[in-house]
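The values are calculated or read from the model by the stated rules, or taken from the named source; none is laboratory data. Since this is a predicted model, take the numbers as computed values, not measurements. Counting neighbours? That spans all protein chains shown, and the Cβs are built from the backbone with ideal geometry, glycine included.
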Amino acid sequence: MDINFSAIVPSLPYILQGIWVTLQIVALSLLIGFAWGIVLALFKISRIKPLMWLADAYTSIFRGTPLVLQLLIIYFGLPQILGFPIDPYPAAVAAFSLNSAAYISEIIRAGIAAIDKGQQEAAMALGVPYSKMMKDIILPQAFKNILPALMNEFITLTKESAIVTTIGVQDVMRRAYQVGADSYNYFAPLLFAGAIYYVLVMILTLLGKLVEGRMKRSD
């Protein structure tokens, strides 16, 4: 078996261009998923039963089914219901955002539950509105406790973003596969793609440690 790494050198810039696509999808999905995850977490601790049931059902569905299945349903299935096609990029962002929100909501809910209930009772006794209490007192403390878990979710999403190749998004993995198909040499480009994902994960890990250390020093 002949594995020729030098043969893919001219194609490396083409593969590297996929990093921008990957980062765009991951960043946008994280922002939307984080915002929706906060809403779901607040639903879960709400005293309004229908909101609790809705959030629990949502989390159960999106955590209980494969991400690739959710992606394919949005990209291939929804157009049959809506009557118009969905572009690969927004389909990927939608799938990752909805899936990530389910996991993030559980992380945030656990972080809120870890806060001493006495703080909520004291804030309520002082007449602090619920929304202000959550925004200024509870959530900032919860985020400090759940930062490692959130970073782990971000890292997981970065790696799982490679499945967008199944719907034709020109990310790192898709471009590496195309280079392999054109050159009949899959090992070298796929190994290079793996190195790119590894570097991205290491950068995220380092950033997470830096943020965590800064937050600890600010205590």
Verdict on Phe187 being within 26 Å of Ala41 (Cα to Cα) and surrounded by fewer than 18 Cβ atoms within 10 Å (Cβ to Cβ)
no
Quick count over the range 39-70, residues being in a helix (DSSP H, G or I) and surrounded by fewer than 18 Cβ atoms within 10 Å (Cβ to Cβ), is 15
With the structure loaded, tell me whether Tyr177 is more than 16 Å from Val9 (Cβ to Cβ), more than 21 Å from the chain's Cα centre (by Cα) and modelled with pLDDT of 90 or more or whether it fails that test.
yes
Residues satisfying the stated conditions in the range 71-97, i.e. crowded, with 20+ Cβ neighbours inside 10 Å and of a type in the set (Ser, Thr, Tyr)
Tyr75, Ser97
Counted residues in the range 1-33 being surrounded by 19 or more Cβ atoms within 10 Å (Cβ to Cβ), more than 18 Å from Ile203 (Cα to Cα) and hydrophobic (A, V, I, L, M, F, W, C) come to 2
Checked pairs for the range 99-119, first under 13 Å from Ile38 (Cα atoms), second loosely packed, with under 14 Cβ neighbours inside 10 Å and among the basic types (Lys, Arg), C-beta under 8 Å and 6 or more apart or across chains, list as Ala102/Arg63; Tyr103/Arg63; Glu106/Arg63
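Yes/no matrix, rows are residues, columns are (1) surrounded by fewer than 20 Cβ atoms within 10 Å (Cβ to Cβ); (2) part of a helix (DSSP H, G or I):
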site: Thr158; (1), (2): no, yes
site: Gln170; (1), (2): yes, no
site: Gln178; (1), (2): yes, yes
site: Asp182; (1), (2): yes, yes
site: Gly208; (1), (2): yes, yes
